[in-house]
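The values are calculated or read from the model by the stated rules, or taken from the named source; none is laboratory data. Keep in mind that this is a model prediction, so the values were computed, not measured. Backbone-built Cβ (ideal geometry, glycine too); neighbour counts: all protein chains shown. Calculation scope for accessible area: heavy atoms of the full protein, side chains included, ligands and nucleic acids excluded. Shrake-Rupley method; radii C 1.70, N 1.55, O 1.52, S 1.80 Å.
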Amino acid sequence: MFERHMKRDRYFAEQVYTTKKYVIPFIKSVMPLTQASTVLEIGCGEGGNLKPFLDMGCSVTGGDLSASKIAL
């Protein structure tokens, strides 16, 4: 495990950044992404990848087997 995985705030911020910079532009290149969009992430951990979609007004749902990660 890398140090960044141990620093949860840093890891969360990195997920938010990479989703904004890479994932959202990729999705927008193949389909519209609006406030009417819904996003489902399986294995979402703390939800760092979902936050940018939520910030855009999308409806988001995340699921994870780890209750402690969901609690965070």
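The angle between the Cα long axis of helix 8-18 and the main principal axis of the chain comes to about 20°, on a 0 to 90 degree scale. Total lysine pairs in the chain at Cα distances under 20 Å, for residues eight or more apart or on different chains: 7.
When the accessible area of the range 1-61 is computed with all protein chains present and a 1.4 Å probe, what percentage of it is carbon and sulfur? Walk me through the numbers on the way to the answer.
On the way: 2620 of 4270 Å².
For the range 1-61, the apolar C and S fraction of the accessible surface comes to 61 percent.
Given +1 on the Cβ of Lys and Arg, -1 on the Cβ of Asp and Glu, and no further charges, what dipole in debye does the chain carry about its Cα centre, rounded to the nearest 20?
Working: 9 positive and 7 negative charges, 37 e Å.
Magnitude of the dipole: close to 180 debye.
Ligands, DNA and RNA are left out, and with a 1.4 angstrom probe the accessible area of the chain is 71 Å² per residue. If you take Rg/Rh (Cα atoms, Kirkwood Rh) from the coordinates, which of (1) 1.03; (2) 0.99; (3) 0.96 do you get? Computed from the coordinates, Rg/Rh (Cα atoms, Kirkwood Rh) corresponds to (2).
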